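K.L.:
Pasting a structure here, questions to come.
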């Protein structure tokens, strides 16, 4: 970062710290109110039971429904300042960091289009898709987008998962990098840093496309429909760029798909782009700078293919 941006960053971080302190005071007050409501609800149930009310009675069930609804509403109210604070931090820090790298747009609630994910064939069936922290723009002649994504499976599978495991079936959670404007590939081509992590979709894809073959093995394992496409992926520069982005995003592994003139990279990470939990907001801003610099380096590596 430049000296000017560093000064601006320190100023923004000081404001963020002040906001955090104010938010923490609000959260403590609301937490006490939430505790009072929860204790009152529990006391009401005990008194109703002691007064002869039975679980099968409509009045007892009404008490439970009303009490639970009130507690849920209070829960949302109690933690609302925390979410607003995080959005405020992102709005203050992310554009400042991105401004040192180029002319890019930052959309806190933005995401990569679902059709782009489907086209890559790297994701199992999902029904619910949430995303955020979209950074988009143009770099090295390629239009790109980089965002967090979470895919879950709904319908009967969702209900079954909730009953058996207490949580929704998660298909994918991590970061997604999409780029458009590459020279067209002959067919679909894939590169993975960890074959074991990618095998869940590689096995299904290989069954659907028997002509899909492993062409190279090394830092990147390459799978293509046409052997001529392998040379575009089995390069040290691309392997280094994917490894660097994995490290910067705190990701376990990365997988890349080339299809037509588009590329999609997914990274298995659970770290938000700006978690909002570091003691010093400057540290989080520097982490974001490092991650976005690595993402842009990968876009540049794709552009050179």
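K.L.:
Could you say which residue among 34, 75, 43 is modelled with pLDDT of 80 or more and over 30 Å from the mean Cα position of the chain (by Cα)?
P.N.:
Testing whether each residue is modelled with pLDDT of 80 or more and over 30 Å from the mean Cα position of the chain (by Cα) leaves just 43.
K.L.:
Under 7 Å between Cβ atoms, which residue pairs at least 6 apart in sequence (or on different chains) link something in the stretch 124-144 that is touching a residue at least 24 places away in the same chain (Cβ under 8 Å) and assigned by TED's automatic domain parsing to the domain that holds residue 197 with a partner that is surrounded by fewer than 16 Cβ atoms within 10 Å (Cβ to Cβ) and in a strand (DSSP E or B)?
P.N.:
Between residues of the stretch 124-144 that are touching a residue at least 24 places away in the same chain (Cβ under 8 Å) and assigned by TED's automatic domain parsing to the domain that holds residue 197 and residues that are surrounded by fewer than 16 Cβ atoms within 10 Å (Cβ to Cβ) and in a strand (DSSP E or B), the close pairs are 134/107; 136/105; 137/105; 142/180; 143/180.
K.L.:
So, restricting to strands (runs of 3 or more DSSP E) that lie completely within the stretch 220-268, which ones have at least 1 residues that are in the same structural domain as residue 184 (by TED's automatic domain parsing) and in contact (Cβ under 8 Å) with a residue 60 or more places away in the chain?
P.N.:
Where strands (runs of 3 or more DSSP E) fall fully within the stretch 220-268 and carry at least 1 residues being in the same structural domain as residue 184 (by TED's automatic domain parsing) and in contact (Cβ under 8 Å) with a residue 60 or more places away in the chain, they are 254-259, 262-267.
K.L.:
Within the stretch 264-301, take every residue that is within 15 Å of residue 193 (Cβ to Cβ) and over 17 Å from the mean Cα position of the chain (by Cα) and give me the one that is surrounded by the fewest Cβ atoms within 10 Å (Cβ to Cβ).
P.N.:
301
K.L.:
Considering the stretch 178-198 alone, what residues qualify as being part of a helix (DSSP H, G or I) and in contact (Cβ under 8 Å) with a residue 40 or more places away in the chain?
P.N.:
197, 198
K.L.:
Spot the failing condition for residue 211; the list is (1) outside any loop (DSSP other than H, G, I, E, B); (2) closer than 21 Å to residue 260 by Cβ, and only one is missed.
P.N.:
(1)
K.L.:
Do the conditions hold for residue 60, that is, is it within 30 Å of residue 150 (Cα to Cα), modelled with pLDDT under 85 and in contact with a helix residue (DSSP H, G or I) (Cβ under 7 Å, 6 or more places away or on another chain)?
P.N.:
Answer is no for this residue.
The values are calculated or read from the model by the stated rules, or taken from the named source; none is laboratory data. Predicted, not measured: the structure shown is a model, and the values here were computed from it. When we count neighbours, we look across all protein chains shown, and the Cβ atoms used for this are built from the backbone with ideal geometry, even at glycine.
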